[in-house]
Amino acid sequence: MREISMREALKEAIREELLRDQTVHIWGESIESKGGGFAICRGLTDEFGERAKDTPLAETAIAGSAVGAAFTGLRPIVEIMFSDFAFVCGDEIFNKMAKARYVYGGQDGFSLPIVVRMKVGGYVSIGAEHSQTPLAPFMHAPGLKIAFPTTPYDAKGLLKTAVRDDNPVMFFEHILHYGARGEVPEEEYLIPFGKARVRREGDDVTVVAIGYMVDLALKIAEEMVQDGVSLEVVDPRTLQPLDMDAIMRSIKKTGRVIFVDEDVTCCGVPAELMARVYERLTEAGKPPVPMARVGAANVPIPYSPPLEKAVLPSPEKIAAAVEKVLV
Amino acid sequence: MKFTKEDKILLYRNMVRGRKYDEELVELFAKVKVPGMWHSGIGQEAVGAGAATFLRKDDWLEPTHRGYTFGLAKGVDGKRWLAEHLGRATGFAKGKGGHYVAPKGSGVLPFGGTIGSAFPISAGAGISAKRLGKGQVVVCLFGDGAAQRGTLHESMNLAAVWQLPVVWVCENNLYAVTAHLSQSMAVKDIADLAHGYNMPGVIIDGQDVLAVAEAVMEAVERARAGEGPSLIECKTYRYRNHGEGGAFPTSYRTKEEEEEWKKRDPIVLFRQCLLDEGDATAEELDAIDKELVQEVLEASRWAQESPWPEVGQAFTDLYAD
Ligand SMILES: Cc1ncc(C[n+]2csc(CCOP(=O)(O)OP(=O)(O)O)c2C)c(N)n1
Ligand SMILES: [Mg+2]
């Protein structure tokens, strides 16, 4: 099968959806001139004209106009260059996108078909306001859907599904994934939301890793084979909806679980997942299992490379958590 | 736009309907326990009626939190709107949204409880209107307080550079809660902001419904013809305090100022105009008033007698499937 980068996979998804449905439009900063913040959309304006358009530097208008446009008949894909900037348009995302369908009581087929694409992730020394992976805030907002692909194959299939979804979808793309290559078939496919993928099978410890953390988990899983430890790496792929069944299936097999997330640890997604695992087990009358979490330290992401490294999750920190649940 | 006799009667009707519903809500808040808040728009009916009455059914209207003359004039069913406001199962959103919610088919856009969020939503509706090519126009109502939010800048700028068919209509009633505009903005006239976006900006007597309707419809036709956005500032005044049922101070404005504005009541003024021009007789107008009083009475009774939503409703409608 052919291999393409995640960047190319994302562009193919957007292009195919623009071709398929005239109501799909994309806008954001530098979409036309640069293909967006990370050059995903290069060339789309040549092909689709104003359906792929540069906006002013105005995140509130970008996200808010997506709400107005989605309400009135378009299916906008908008790009927020860095997820850190999502807080600039917090009202539009958290108060409008998330709540609208509910406060409309779902009346006459109400929907807000919006995809908000955002780059996330650190490890590249660009400072506290360009390096976050703020997943928990979005998961804390009922009404949003959340996808975070980790391979070009998943990126294409999930993005196409996101565009066709009638709900607002927060679509996260990790900065270190854009160049990553992987097999992507030529023919069309979709990946349903709410279906986790076991990225590596193992027997001793379940590692539920989110986004780029999957790469780190796979790396350490390879190394730990020498120590006779077998890790099972589960990639949820979407956090809302979340495939808890897949996570529980893996835990049933291994009896231990760690959660790895690049977001700050305090009130992070792993904290929620640990609570859910505990509830599932106790509700089923089962004893709890050893659990641990790995996340970023509870500080802003520092700029200097050695400091950033100290703060963010690493394969070594994952290994340490594995050791913790093994004893 | 030339207004026929029928057009004018319709404007009158829409103003009176807005006021009667408003008075009913004020009374409900005073007499019985009503959930939520009511920001009365009594005194400002000319703006809502003038802005909404002659829009096409498929044009979009962005509401404000104050009064509901505009929504009723756009065709929203008053009795179900009232039921929604009272939190009843018969409301548009089964009581889950409150008075901010109207059926999509009425052309009323989502209003936010966050003042100023109307601007980017209107710009977005303008993007749809332009791209879908059906000649739709968006009218965005907003207060002088809302004009102080940064969302105004981002959205008016976007609408201007993309030449979106949006008409920005400011209901300048001089106050945001208790703050006078002169405390909060460096310009005296909101219309001045139009210069910053290279679009026309005009000041209109907001108590004169014909003046409002004329200005809005001229801007609407401009927008429909692809000539981009405009800004219309309507100088108006709210008779009542910021909200019903709350403990709002009254000392921020003078009784004299209130009395001065009440001398130019939009409904009284327009009624006189209709009589002077021979467009209607006093009997005809009285009959309209009576009919609307009856409509509101029945709507209110129906809404109050409507059941509360089933508790299970609290857990549905989050996602579309
Ligand atoms: C973002 C935000 N800030 C503050 C409020 C509280 N609030 C509600 S109405 C209002 C005043 C709005 O003034 P204006 O836009 O002039 O409208 P008016 O009430 O005069 O009709 C304020 C401050 C709010 N709802 N949302
Ligand atoms: Mg005001």
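Any read-out appearing in this document is the output of simple, stated calculations on the displayed coordinates, not a laboratory observation. Predicted, not measured: the structure shown is a model, and the values here were computed from it. All Cβ positions, glycine included, derive from the backbone under ideal geometry; neighbour counts span all protein chains shown.
Observations on the model:
- Couplings for the stretch A:199-206, taken from phi via the Karplus curve 6.51 cos²θ - 1.76 cosθ + 1.60 with θ = phi - 60°, read 7, 8, 8, x, 10, 8, 9, 8 Hz in order; Gly and Pro are left as x.
- For the stretch B:194-255 versus the stretch A:20-39, the gap between their alpha-carbon centres in whole angstrom: 35
- Computed [θ] at 222 nm, helices only, for chain B once each DSSP H run of length n ≥ 4 contributes -39500 (n - 2.57): -13500 deg cm²/dmol
- Dimensionless Rg over Rh [the stretch B:144-294; C-alpha; Kirkwood]: 1.03
- Cα centroids of the stretch A:206-254 and the stretch A:46-109: 33 Å apart.
- Unsatisfied cross-links (Cα-Cα over 29 Å) in the set B:Lys57/B:Lys96; B:Lys96/B:Lys262; A:Lys11/A:Lys195; B:Lys188/B:Lys262; A:Lys53/A:Lys96: B:Lys96/B:Lys262
- When the Gaussian network model of chain A links Cα atoms closer than 10 Å, the mean-square fluctuations of A:Phe87, A:Phe171, A:Phe148 top out at A:Phe87.
- Springs join every pair of Cα atoms under 10 Å in this Gaussian network model of chain B, and among B:Thr236, B:Thr90, B:Thr250 the largest mean-square fluctuation is at B:Thr250.
- Normalised by the number of residues in the stretch A:3-183, the average gap of Cα pairs under 8 Å and 6 or more apart makes the relative contact order 27 percent.
- Between the listed residues A:Gln226, A:Gly109, B:Ala102, the Cα displaced farthest toward the positive end of the dipole of the protein assembly as shown, a dipole computed from Cβ unit charges relative to the Cα centre, is found at A:Gln226.
- Cα gyration tensor category, rounded, prolate or oblate, for chain B with a/c compared to 1.5: rounded
- Listed residues B:Glu257, B:Glu298, B:Glu171, most fluctuating in chain B (Gaussian network, C-alpha, under 10 Å): B:Glu257
- Separation between Cα centres of the stretch B:36-94 and the stretch B:258-281, rounded to whole Å: 23
- Gyration tensor verdict on the stretch A:27-128 (Cα atoms; rounded if a/c is under 1.5, prolate if a/b is larger than b/c, oblate otherwise): oblate
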